Amino acid sequence: MEDLEKIREDFIRESASIDSLIKFNNFKAKYLGKKGLITEKLKRLSSLPKSERRDAGRAINELKSFIEQELESLKQRVTELEIQKKLAKETLDITVPGRYIPPGHIHPVTQVLEEIIEVFVSMGFSVEEGPEVELDYYNFEALNIPKDHPARDMQDTFYVKVSGSNKMESDVVLRTHTSPVQIRGMLKRKPPLKFIAPGKVYRCDADVSHTPMFHQVEGLMVGEDITFSHLKGVLERFIHALFGPETPVRFRPSYFPFTEPSAEVDIGCILCKGQGCRVCKETGWLEVLGAGMVHPKVFEAVGYDIERYTGFAFGMGVERLTMLKFGIDDIRLFFENDLRFLRQF
Ligand code: PHE
């Protein structure tokens, strides 16, 4: 019994100096561990004479549960203490240099696309969008390119199978140009109108100057007295904004089923300044745009009065313009995601 009293006093005294989890665990083991003081006492019970066992057992167990309770609250105090110690050590060194996160930037094709849009918006054009998965009707038929028209060969088309639909496989395509947005835009509104339609287009074609996906910007202006002069004025102004006011512009007769007359627009070679080089194939000129006056068949397809309205349309390839602007000679570089290339712009 005296022993037990001493154990209790020691325990109370020692517990005051427990201020870390390590000390706590040792302290707990000293009393309740396999070879702990209390455990040893319980083991030795059986060597006592029978008459003393009951009282001794009760006293030891009473002391044991006292110690267990004390340890419980001691553990809470110690845990709290540890947290306080950690927080006290935690300091913020504002002189440590920051970790550098390299900033990203806009892809060169997107840069030029945004610049093109800005030029036309500044001339009062609005911006239209259309679907990339398009009906044959909008991509070809309504643009005066009937099923067996040889002009379809100019654009190698991806056809789209539409499961669970009664559409024929040949009825749905990945749009081969942004011209179907001319039709959708005209059906949505009434003249006078002027808008551009930027976006992705798809052709089954791949080499140094062709990728299966590329970007175009379409333009359309329709009104009562729109003439070829307006087309020339708008496009010249656009080219001078993009390539500089000194850039020569020329219109060459060409053919598109949805414009009549049609033109191919060239600019003086910006690499050799018209002297003749590899890029312009010694001609001094670079082709950058297709354009023309809207064909009456196209107006008929959208129900516009062909006696009253005239208009012009144009379409340009954004990758090609970007290549010319930055002197890039392989279109595939745009899509390889090589930072050594992309970081240069
Ligand atoms: N859609 C034509 C093409 O992709 C370009 C174009 C658009 C030509 C509008 C004339 C008028 O080649």
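The values are calculated or read from the model by the stated rules, or taken from the named source; none is laboratory data. Values in this document were obtained by computation on a predicted structure and should not be read as measured data. Glycine gets a Cβ as well: all are built from the backbone with ideal geometry, and neighbour counts include every protein chain shown. Note: accessible area is taken over every heavy atom of the protein model, side chains too, but ligands, DNA and RNA are not part of it. Shrake-Rupley method; radii C 1.70, N 1.55, O 1.52, S 1.80 Å.
Only one of these is within 30 Å of LEU339 (Cβ to Cβ) and either open to solvent by 60 Å² or more (accessible area, probe 1.4 Å) or aliphatic (A, V, I, L, M) (or both): ILE101, ILE60. Name it.
Working: ILE60 fails: within 30 Å of LEU339 (Cβ to Cβ).
Exactly one of ILE101, ILE60 is within 30 Å of LEU339 (Cβ to Cβ) and either open to solvent by 60 Å² or more (accessible area, probe 1.4 Å) or aliphatic (A, V, I, L, M) (or both), namely ILE101.
Restricting segment 234-257 to residues that are open to solvent by less than 50 Å² (accessible area, probe 1.4 Å) and among the hydroxyl-bearing types (Ser, Thr, Tyr), which is nearest to the ligand (Cβ to nearest atom)?
SER254
Among the residues of segment 119-134, is there at least one that is open to solvent by less than 40 Å² (accessible area, probe 1.4 Å), at pLDDT below 95 and either part of a helix (DSSP H, G or I) or of a type outside the set (Asp, Glu) (or both)?
no
Those residues that are of a type outside the set (A, V, I, L, M, F, W, C), surrounded by 13 or more Cβ atoms within 10 Å (Cβ to Cβ) and not in a loop (DSSP other than H, G, I, E, B), I need them from segment 135-162; list them, please.
ASP136, TYR137, TYR138, ASN139, GLU141, ARG152, TYR159
How about segment 12-48: which of its residues are modelled with pLDDT of 90 or more, open to solvent by 30 Å² or more (accessible area, probe 1.4 Å) and part of a loop (DSSP other than H, G, I, E, B)?
Passing the criteria: ALA16, SER17, ASP19, LYS34, LYS35.
The conditions are (1) more than 27 Å from GLU307 (Cα to Cα); (2) over 37 Å from the mean Cα position of the chain (by Cα), and GLU260 fails exactly one of them. Which is it?
(1)
When residues of segment 68-109 are filtered for being touching a residue at least 24 places away in the same chain (Cβ under 8 Å), part of a helix (DSSP H, G or I) and not charged (D, E, K, R), how many remain?
7
Identify the single condition in (1) without any contact (Cβ under 8 Å) to a residue 40 or more places away in the chain; (2) closer than 15 Å to VAL133 by Cα that HIS177 does not satisfy, given that it satisfies every other one.
Unmet for HIS177, out of (1) without any contact (Cβ under 8 Å) to a residue 40 or more places away in the chain; (2) closer than 15 Å to VAL133 by Cα: (1).
Mind telling me which of the residues GLU70, GLU2 ends up being of a type in the set (D, E, K, R), over 27 Å from LYS86 (Cα atoms) and open to solvent by 50 Å² or more (accessible area, probe 1.4 Å)?
None of the other options fit; the residue is GLU2.
Quick one: which of PRO261, PRO253, PRO248 is more than 29 Å from PRO191 (Cα to Cα), of a type outside the set (D, E, K, R) and at pLDDT 95 or above? Working first, answer last.
Values: PRO261 fails: more than 29 Å from PRO191 (Cα to Cα); PRO253 fails: more than 29 Å from PRO191 (Cα to Cα).
Checking each option against the conditions leaves just PRO248.
Within segment 225-233, is there a residue that is buried (at least 22 other Cβ atoms within 10 Å of the Cβ) and within 13 Å of the ligand (Cβ to nearest atom)?
Within segment 225-233, one or more residues are buried (at least 22 other Cβ atoms within 10 Å of the Cβ) and within 13 Å of the ligand (Cβ to nearest atom).
For segment 163-220, give me the residue count where each residue is away from the ligand (no atom under 13 Å from the Cβ), in a loop (DSSP other than H, G, I, E, B) and touching a Pro at 6+ places or on another chain (Cβ under 9 Å).
Residues flagged as away from the ligand (no atom under 13 Å from the Cβ), in a loop (DSSP other than H, G, I, E, B) and touching a Pro at 6+ places or on another chain (Cβ under 9 Å) within segment 163-220 amount to 2.
Could you grab me the full set of residues in segment 304-345 that are over 20 Å from PHE238 (Cβ atoms) and in a helix (DSSP H, G or I)?
Across segment 304-345, the qualifying residues are ILE331, ARG332, LEU333, PHE334, PHE335, LEU339, ARG340, PHE341, LEU342.
Among the residues of segment 151-160, is any touching a Pro at 6+ places or on another chain (Cβ under 8 Å) and either farther than 30 Å from SER262 by Cβ or of a type in the set (Gly, Ala, Ser) (or both)?
yes
On the given criteria, is GLU300 open to solvent by 70 Å² or more (accessible area, probe 1.4 Å), assigned to a strand (DSSP E or B) and more than 9 Å from the ligand (Cβ to nearest atom)?
It is false that GLU300 is open to solvent by 70 Å² or more (accessible area, probe 1.4 Å), assigned to a strand (DSSP E or B) and more than 9 Å from the ligand (Cβ to nearest atom).
If you go through segment 1-11 one residue at a time, how many are in a helix (DSSP H, G or I) and in contact (Cβ under 8 Å) with a residue 12 or more places away in the chain?
Going residue by residue through segment 1-11, those that are in a helix (DSSP H, G or I) are 2-11.
Then drop every residue that is not in contact (Cβ under 8 Å) with a residue 12 or more places away in the chain, which leaves 3-4, 7-8, 11.
Residues that pass the stated criteria total 5.
Rundown of residues vs (1) within 13 Å of the ligand (Cβ to nearest atom); (2) surrounded by fewer than 20 Cβ atoms within 10 Å (Cβ to Cβ); (3) in contact (Cβ under 8 Å) with a residue 12 or more places away in the chain; (4) under 31 Å from the mean Cα position of the chain (by Cα), yes/no style:
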position: CYS272; (1), (2), (3), (4): no, yes, yes, no
position: ARG278; (1), (2), (3), (4): no, yes, no, no
position: ILE306; (1), (2), (3), (4): no, yes, no, no
position: GLY311; (1), (2), (3), (4): yes, no, yes, no
position: GLY317; (1), (2), (3), (4): yes, no, yes, yes
position: GLY327; (1), (2), (3), (4): no, yes, yes, yes
position: ASP338; (1), (2), (3), (4): no, yes, no, yes
position: LEU342; (1), (2), (3), (4): no, yes, yes, yes
